[in-house]
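Visitor: Encoded as structure tokens, here's the structure I'll be asking about.
The values are calculated or read from the model by the stated rules, or taken from the named source; none is laboratory data. This is a predicted model, so every value here is computed, not measured. No Cβ is skipped: glycine too gets one built from the backbone with ideal geometry, and neighbour counts run over all protein chains shown. Note: areas computed on protein heavy atoms with side chains; ligands, DNA, RNA excluded. Shrake-Rupley method; radii C 1.70, N 1.55, O 1.52, S 1.80 Å.
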Amino acid sequence: MSDFVDRVTVHVKGGDGGNGAASIRREKYKPLAGPDGGDGGDGGSVIFVADPNATSLMDFRFLPHRAAPSGTQGLGGDKDGSKGADLILPVPLGTVVFTAKGGQGEQKRPGKLLADLRRKGDRFVAAEGGNGGLGNRSLANRARRAPGFALLGEPGEERDLVLELKSIADVALVGFPSAGKSSLIAAMSAAKPKIADYPFTTLVPNLGVVLAGEKRFTMADVPGLIPGASQGKGLGLEFLRHIERTEVIAHVIDCATLEPNRDPIADYEALEKELAIYADELKLPLGAIPIAERPRIIVLNKVDVPEAKELAEFVRPEFEKMGLKTFIVSTASHEGLKELSFALMGIVDEMREKVRAQEEAEDEARVVIRPLEDAGRPRRRGGRSGLGIDFEIEREQDRDGNFWYVVTGSKPERWVVQTNFDNEEAVGYLADRLARLGVEDALRKLGAHPGDEVHIGRGDRAVAFDWDPTVAAGAEMLDGTPQAVRGQDLRLQDDGYARRRTNTERRREYHEWMDAKSAVRAAMQAEREAGHWSDPTVLDDPNDETSLIDRLGEDRGDPGKDGKGTAAKRQ
């Protein structure tokens, strides 16, 4: 198996955020000193970084699933959870990142272009880590002094991506199979490609570094092209993308071929036709020079054969009339290789300056288009998602006439994920956030009525509920008594136990308590002297239907009772 891989499908997942903690500080003489639940740690992100030391995507073929560490949970005592470390994945220069298209079980195809990592150090966040949940310390404010809940951490981003390597070389060698491209790159550099006397010996691109005096440039050898390569014939279609980044295209033409209907001029025209078809379907990045405008040179190879040398000398003037620099070389005898290397170095230097100037001009002339403000729709006010619409509501209906409302948007969907639905106060907090965002008002405008089904989000993370804008949730549901503020703890109010009593207040409360106990004892003694509670079998209130004495008397058929089963009260 070859150790060169230029297209892989990877599954990346950012780390999950840690949950926040709900905790109350306890100190000596201060059993309720306020919330101290820490925040959960953020999850790590999966990041691709262009690294010149990486030469292939082979590692991703054997390990296609990559996940970043998750954040840890917050703790009491104001202890925040630790953040998950980012997972840095080095990729070769020239790696392009696409979304993956294709259903379950199907081979993934490149979709939307996400990033083009051409230069050393270019970075792309492939899967962002989830935010950690806030603890009740961070949720506390003047109105909600002691929240009894915390927010859950958000799950990390998860998706499939296609990585495609487009080799970054200065010169690309193109030609028919067995034209001598591998032999040429082996003779001019230290590369050791496979060389054999049959077509399609080269199955993967080969890169070599060529020295020309004190300067150097890279040369790429791609598999042989044949007519129809742009439509998928042969191996050319799979590897034509490796010439997209090259600055010079060198046509290597076999002057010693014995195949019929083959000559140097016909080979050149056939190769140019395939390149033109491929270039029309190619989307180049800003600043890149189109393939049709890149300089060409002609390399007439295998002139160590006498008949081939004569043919090369014969067709050389024809190529020069086309404005093409032509070189007669032999990889066997190394004839003309030195002149070819210095000529290529000069062209590469010119193209490097041209590309650099064009990229700088494109960066300066780039126009940033921002979305227009729509006063009739709510907007985001920051956050990692940037400017945009907060939410959208759609009314959906099935064939049976059942309908429901679907609320989508970054904020509502994130809030639902952060909510612990086992905690009534957390559910009330979610209701408050949605109401402040304007979701309830928008539902009313669309004609929603209490009891209608509402979904927040789509897919597996969607939450469905029956809409009731007047539902009571939170702290007021704990004892059925409406409170002024949801999540308010009366024990921490200024008139409660949060303020320490003075000694005078303690003594006054003590004497009031003792006086109340004395009054209760005196009342009980007066009832006892009046005959009350002296006999446990005597029912003091004959109208008491819940009396245990009455039921005991009925069960045992006491003859001392009247016909209705009511005990006669002793005078």
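Visitor: Considering the stretch 404-418 alone, what residues qualify as being open to solvent by 30 Å² or more (accessible area, probe 1.4 Å) and either of a type in the set (A, V, I, L, M, F, W, C) or over 21 Å from the mean Cα position of the chain (by Cα) (or both)?
Guide: Passing the criteria: Trp404, Trp415, Val417.
Visitor: Are there any pairs, at least 6 apart or on different chains, whose C-beta atoms fall under 8 Å, with the first in the stretch 349-365 and surrounded by 12 or more Cβ atoms within 10 Å (Cβ to Cβ) and among the acidic types (Asp, Glu) and the second at pLDDT 75 or above and not in a helix (DSSP H, G or I), and if so, which?
Guide: That search, which allows pairs on different chains as well, returns Asp349/Lys215.
Visitor: Is the stretch 506-513 home to any residue that is out of contact with any Gly (no Cβ under 9 Å at 6 or more places or on another chain) and modelled with pLDDT under 85?
Guide: Among the residues of the stretch 506-513, at least one is out of contact with any Gly (no Cβ under 9 Å at 6 or more places or on another chain) and modelled with pLDDT under 85, which makes the answer yes.
Visitor: Follow-up. Check whether at least one residue in the stretch 119-142 is modelled with pLDDT under 90, in contact with an Asp or Glu (Cβ under 7 Å, 6 or more places away or on another chain) and open to solvent by 50 Å² or more (accessible area, probe 1.4 Å), and report yes or no.
Guide: No: the stretch 119-142 contains no residue that is modelled with pLDDT under 90, in contact with an Asp or Glu (Cβ under 7 Å, 6 or more places away or on another chain) and open to solvent by 50 Å² or more (accessible area, probe 1.4 Å).
Visitor: Let me ask you something else. Would you mind telling me which numbered condition in (1) modelled with pLDDT of 75 or more; (2) surrounded by fewer than 19 Cβ atoms within 10 Å (Cβ to Cβ); (3) not in a helix (DSSP H, G or I) Lys233 fails?
Guide: Exception for Lys233: condition (1).
Visitor: Please identify the pairs in which a residue from the stretch 380-403 that is loosely packed, with under 10 Cβ neighbours inside 10 Å has its Cβ atom under 9 Å from the Cβ atom of a residue that is at pLDDT 85 or above, counting only partners at least 6 apart or on another chain.
Guide: Hits for this filter: Arg384/Glu128; Arg384/Asn131; Arg384/Ser410; Gln397/Phe403; Gln397/Trp404; Asp398/Trp404; Asn402/Glu453.
Visitor: Being polar (S, T, N, Q) and surrounded by 11 or more Cβ atoms within 10 Å (Cβ to Cβ) is the filter here, so list the residues in the stretch 256-275 that pass it.
Guide: Thr257
Visitor: Within the stretch 429-447, is there a residue that is under 27 Å from the mean Cα position of the chain (by Cα), in a helix (DSSP H, G or I) and modelled with pLDDT under 80?
Guide: No, the conditions are met nowhere in the stretch 429-447.
Visitor: Further question: Any idea how many residues of the stretch 58-83 are assigned to a loop (DSSP other than H, G, I, E, B), closer than 20 Å to Leu161 by Cβ and open to solvent by less than 30 Å² (accessible area, probe 1.4 Å)?
Guide: Residues in the stretch 58-83 being assigned to a loop (DSSP other than H, G, I, E, B), closer than 20 Å to Leu161 by Cβ and open to solvent by less than 30 Å² (accessible area, probe 1.4 Å): 1 in total.
Visitor: How many residues are surrounded by fewer than 24 Cβ atoms within 10 Å (Cβ to Cβ), over 23 Å from Leu114 (Cβ atoms) and touching a residue at least 40 places away in the same chain (Cβ under 8 Å) if we restrict to the stretch 32-54?
Guide: Residues in the stretch 32-54 being surrounded by fewer than 24 Cβ atoms within 10 Å (Cβ to Cβ), over 23 Å from Leu114 (Cβ atoms) and touching a residue at least 40 places away in the same chain (Cβ under 8 Å): 3 in total.
Visitor: Condition first: under 57 Å from the mean Cα position of the chain (by Cα), exposed (fewer than 15 other Cβ atoms within 10 Å of the Cβ) and part of a helix (DSSP H, G or I). Now tell me which residues in the stretch 304-332 satisfy that.
Guide: Within the stretch 304-332, Glu318, Glu320, Lys321 meet the criteria.
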